[in-house]
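The values are calculated or read from the model by the stated rules, or taken from the named source; none is laboratory data. All values derive from a computational prediction rather than experimental measurement. Glycine gets a Cβ as well: all are built from the backbone with ideal geometry, and neighbour counts include every protein chain shown. Ligands, DNA and RNA are stripped out before the accessible areas are found, and what is left, the full protein with its side chains, is counted by its heavy atoms. Shrake-Rupley method; radii C 1.70, N 1.55, O 1.52, S 1.80 Å.
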Amino acid sequence: MNELHNHTDILISKYLSGNISSEEKKELDSWLNFSPENKQLYLKSKKAWQLSQNYISIEKTEQDKTNVLREVQQQQTISFKRTRRQLLIYKIAAMLAIPLTFALSWYFLQNSGQPIPEDFFCELTAPKGHVAKCILPDGSEVWINTGSTLTYNTTSFNQQSREVQLSGEAYFEVVKNMEKPFKVVTEEANIHVTGTSFNVKAYPGSGLFETVLAEGGVEMELNNQIHEKVNLVPGEKAVFRKEKREISIEKVEAEFYTSWRNGEILFKDATLNDLVKELERIYDIRFHLKDPKLGEFRFRGMFSYNNNLIEALEKVKRTANIDYYIENKEVWLFKR
C-alpha cells in the first residue's frame, strides 16, 4: 500500500511541476476518476504546491543558484594539503546542489605573482552525481565523470611533456602539439597522444581499462612487464581485462561512450547489469536483483544526470516490466 501511495505522490508531483509524460498523465487521470477521495487528495496536494510557490519563487531559486556558484568559485582557492615530501596538492570539486555541474576552467598561479613550489599538484574531482569540466594549462579540455579524479603536476606540465593521472573516467580533447606529447596514466594502462579526442575509463580496483577514440589517433600501452602497445583509429574501442590479460578491439559508435560528458548516458543493447552499474555510480546507491537472470535483460535507451533516481527507475519499469522498491538507500529490482 505504501508503494502505491508513493507512486501516486510521484505522479501528482510530476503533473504539478509540468514534468509528467502523456502515459503518466493517463495513469493519473484514471486514478483521479476512481473515487472522490482520490480527487480530494489531489486537491490538497495542489493547494500545498501552490502555497509553497509563495514561499520560494523562481527568481529566488535562480538567485540562490547564482549565490552558490559564486561561493564555489571563491572556495576553489582554499583547500591545500601538505604531504611528507612537502608537495602541495590542489583540490577542486563541483559542489553545486544541482544534478549536473561543471567546475570552472582554471589556470593555476598564472597571475598570482606568488613563487611556485618545486612540485605543485592539481587534483580535480567530480563528486557523485556530477560531471566536472576543466581546461588544462595547455588549453586541452577535460570532462571528468562522477566519482572520478584527475591529477597533474602544474610545475612540470607543458614543459617537455603533458602528463595527467586518472582514477575513474574522463573525456579528453587534447590540443595538438607534436613537440610535447600528452600522456594519460592509469592503474592498468597508459594513453599516448599528441592531439586528439578520446574517452578513458579506468576505475581503481576494477581490473578493467577501456578507451574509445573519437578523433585523431592514440597509442595504448599496458603497464605490464612487456609494455604491450596498441594503436587505435577513430571509432575503435580497446578494452583490457586484467584477469584475462588480453586486449580486445572493436568498432563502436563513439557517441555511446562519450555522451556522459553532456549529462546523458546512452545504452545500445546493454544488459540490466550494465545499467545498474552506471546508476550505482551516478546516484551512490546499491542495487540488488531478486532474480540474477534479470541482469541479462537487454536494454536500449537514454538516461540523464539531470533526472532523479525515481525517474530512472520508472523508465526501467516501463521498458522492461521490472518493478522496484527502495529500503535504506538500497534498490531491489524484481519481475512483475
Cα lying deepest toward the dipole's positive end in the stretch 155-300, options PHE209, PHE172, ASN273, charges on Cβ: ASN273
Tally the DSSP beta bridges in the stretch 244-336 and give the antiparallel ones as a percent, rounded to 5. 75 percent
Ratio Rg/Rh [Cα only; Rh per Kirkwood] for the stretch 171-260: 0.94
Arrange the peptides 169-179, 31-41 so that the one whose residues have, on average, the most other Cβ atoms within 10 Å appears first. 169-179, 31-41
For the pair ASN262 and ILE247, how long in nm is the line joining their label points, each one 7 Å along Cα→Cβ? 3.0 nm
Reduced Cα scattering model of the stretch 200-336, Debye log10 I(q)/I(0), q = 0.08 Å⁻¹: -0.26
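Using a simple charge model, +1 on the beta-carbon of Lys and Arg, -1 on the beta-carbon of Asp and Glu, nothing else, what dipole does the stretch 221-336 show about its Cα centre, in debye to the nearest 20? Can you show the working numbers first?
On the way: 22 positive and 21 negative charges, 55 e Å.
So the magnitude is around 260 debye.
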The answer for the stretch 241-336, accessible area per residue at 1.4 Å probe in Å², is 59 Å²
Using a simple spin-label model with points 7 Å from Cα along the Cα→Cβ vector, what separation in nm is obtained for SER22 and GLN40? 3.5 nm
ARG318-ILE285 pseudo-label distance in nm [points 7 Å out on the Cα-to-Cβ vector]: 1.7 nm
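Give me the dipole magnitude in Debye, nearest 20, for the stretch 199-280 about the Cα centre, with unit charges on the beta carbon: positive for Lys and Arg, negative for Asp and Glu. Present the calculation step by step, with values, prior to reporting the outcome.
On the way: 11 positive and 16 negative charges, 50 e Å.
Dipole magnitude for the stretch 199-280 comes out near 240 debye.
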So how far, in whole Å, is the C-alpha centre of the stretch 270-336 from the one of the stretch 157-201? 33 Å
For an R0 of 56 angstrom, estimate the FRET efficiency from the Cβ-Cβ distance between GLN160 and GLU255 and round to the nearest 0.05. 0.95
Which entries in LYS25/LYS335; LYS133/LYS335; LYS26/LYS293; LYS39/LYS329 show an alpha-carbon gap greater than 29 Å? LYS133/LYS335; LYS26/LYS293; LYS39/LYS329
